[in-house]
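A.B. asks: The structure follows.
Bear in mind these aren't lab numbers, they're just calculated from the coordinates by the rules spelled out. Because the structure is predicted, anything quoted here is derived from the model rather than measured. Cβ coordinates were reconstructed from backbone atoms using ideal geometry, including for glycine residues, and neighbour counts include every protein chain displayed.
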Amino acid sequence: MFFVALVAASWSEAVDKGEQAFQENCSLCHPLDRPRAKHLTRDEWQQTIEKMIGFGCPIGNSKTAQAAVLDYLVRTQGPAATRPQASVSPPGAGGQ
């Protein structure tokens, strides 16, 4: 049980670091609802982060923060975040 709690705590800390880095960096130049309105792929979010670094975003100074923000955006604002869960019918269901 202790191991599970330890893994859950570590995952939670990583999630918090991604969100924290997102808030600290992205809010410097624009409201956070701007990126939160988008649902991009991992590659598209990576390109967006690189573009923001080109504009002078201080996240460019930390590869760790870049990775945390990228993971956070993919998890919360990726394409999968907009898709409803598909229901799977058991074989033979559906009147066949």
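A.B. asks: Can you order the peptides 46-55, 27-36, 68-77 by their average number of other Cβ atoms within 10 Å per residue, highest first?
C.D. replies: 68-77, 46-55, 27-36
A.B. asks: Still on this model: Straight-line reach only, C-alpha to C-alpha below 19 angstrom: list the lysines that LYS38 could link to, leaving out same-chain residues fewer than 8 apart.
C.D. replies: LYS51
A.B. asks: Report the gain in length on full extension from ARG36 to GLU24: 0.36 nm times residue separation, minus Cα-Cα distance, nm rounded to one decimal.
C.D. replies: So the chain would gain 2.9 nm between ARG36 and GLU24.
A.B. asks: Each label point is 7 Å from the Cα along the Cα-to-Cβ direction; what then is the distance between the points at ASP16 and THR64, in nm?
C.D. replies: Distance between label points: 1.5 nm.
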